[in-house]
Amino acid sequence: MPCWSGSPSVVSVTLLIFSLIELLKSDAANIALNKFSKQSHMNDYDRPERGNDGNTSTNYDLGSCVYAQSTPIHPLPWWQVDLLWLYYVTSVVITNRDSLNAWRLHNFTIELYCEDPTVHPNAAANVCAVYPGTVASGARVTLTCAPGVRGRYLRFQKNSLKTDDAMQFCELEAYGNKGTRSTFSGHPSKRLSGTPTREETGSPQICGEVCHRMPCCTGFNFHGIDGSCKFMSNDNGELVADAAWNYFSRN
């Protein structure tokens with residue numbers, strides 16, 4: 001539930017708007033682990049959940065890897081996991097099988113979708129990373145996503161097929177955060193009256209990050225000389241003229 005009702009009374013024209021940069025620090029946990037997965041083709045032996053069950057064994061015969069053939073409907077096979085939330089994905093780690101047919105892990109793209117592309121075929125793909133070569137037998141490779149790539153549905157997509165080719169890997173791990181983008185309206189030479197809930201020192205961007213992480217933060221007063229930030233969490237204050245301060249209200 002909200003920690004306040006209404007919004008601060010803002011009379012002045014908004015003179016400055018800036019967007020909070022995405023949080024770059026990733027959660028340490030594998031956000032793909034044991035989430036619901038699917039793939040373009042299955043047979044009686046192979047199951048998509050083997051691709052994110054936490055088992056990084058590279059021995060395909062022990063049942064730790066995923067496999068999907070090309071079909072008329074899906075000539076380029078894929079594997080997909082529902083992360084259950086809109087994440088900023090920062091990196092993806094893939095473990096290849098060893099020995100026979102390890103060469104099949106080649107030329108693929110990691111994509112993110114806000115909507116399930118199996119339900120919404122026209123959903124836009126956000127490209128995390130493209131791997132143009134071949135992953136070595138039994139190797140574990142880390143792909144760094146392009147900055148700001150976000151989505152709920154993460155897809156491993158083959159880009160090309162060779163003779164006797166297929167989609168095949170043993171484990172896919174994903175790392176990222178749930179950071180969302182907050183916006184702030186700036187009011188130069190004004191501050192919001194009232195008692196702050198917290199004080200820190202930094203730039204407006206740093207203060208914006210802190211306010212973003214505080215669910216009850218409605219904005220912050222920023223001192224232009226010493227960089228003091230006073231975080232506000234009530235709506236009963238008033239904007240007052242003060243040349244030394246700038247108030248940033250959270251939209």
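Overview of results
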item	result
Odd one out for Asn101, checked against (1) within 19 Å of Ala166 (Cα to Cα); (2) crowded, with 21+ Cβ neighbours inside 10 Å; (3) of a type outside the set (D, E, K, R)	(2)
Odd one out for Glu209, checked against (1) farther than 30 Å from Lys38 by Cβ; (2) charged (D, E, K, R); (3) over 24 Å from the mean Cα position of the chain (by Cα)	(3)
Filter result for Ser57 (under 19 Å from Val149 (Cα atoms), hydroxyl-bearing (Ser, Thr, Tyr), in the same structural domain as Arg140 (by TED's automatic domain parsing) and modelled with pLDDT of 95 or more)	no
Condition met for Ala174 (surrounded by fewer than 16 Cβ atoms within 10 Å (Cβ to Cβ) and either assigned to a helix (DSSP H, G or I) or aliphatic (A, V, I, L, M) (or both))	no
Hits in the range 212-250 - residues which are part of a loop (DSSP other than H, G, I, E, B) and either within 15 Å of Thr195 (Cα to Cα) or not assigned by TED's automatic domain parsing to the domain that holds Pro188 (or both)	Cys216, Cys217, Thr218, Ser233, Asn234, Asp235, Asn236, Gly237, Glu238
Complete set of residues in the range 213-222 that are of a type outside the set (Ser, Thr, Tyr), in contact (Cβ under 8 Å) with a residue 40 or more places away in the chain and surrounded by 19 or more Cβ atoms within 10 Å (Cβ to Cβ)	Gly219
Strands (runs of 3 or more DSSP E) lying entirely in the range 118-163 (those with 3 or more residues that are touching an Asp or Glu at 6+ places or on another chain (Cβ under 7 Å), surrounded by 15 or more Cβ atoms within 10 Å (Cβ to Cβ) and in the same structural domain as Thr56 (by TED's automatic domain parsing))	150-158
Top-ranked residue in the range 41-67 [being among the β-branched types (Val, Ile, Thr) and surrounded by 14 or more Cβ atoms within 10 Å (Cβ to Cβ); ranked as nearest to Ala166 (Cα to Cα)]	Val66
Any hit, the range 186-203, residues being touching a strand residue (DSSP E or B) at 6+ places or on another chain (Cβ under 9 Å), of a type in the set (D, E, K, R) and not assigned by TED's automatic domain parsing to the domain that holds Met232	no
Residue that is at negative phi, β-branched (Val, Ile, Thr) and at pLDDT below 95, where the choices are Val135, Val127, Val149	Val149
Any hit, the range 46-53, residues being at pLDDT 95 or above, in a loop (DSSP other than H, G, I, E, B) and not β-branched (Val, Ile, Thr)	yes
Which numbered condition Ile110 misses (of (1) over 19 Å from Lys178 (Cα atoms); (2) of a type in the set (A, V, I, L, M, F, W, C); (3) in contact with a Lys or Arg (Cβ under 9 Å, 6 or more places away or on another chain); (4) in a strand (DSSP E or B))	(1)
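The values are calculated or read from the model by the stated rules, or taken from the named source; none is laboratory data. For clarity, every value in this text was computed on a predicted model and none was experimentally measured. Cβ sites come from the backbone with ideal geometry, for glycine too, and all protein chains shown count toward neighbours.
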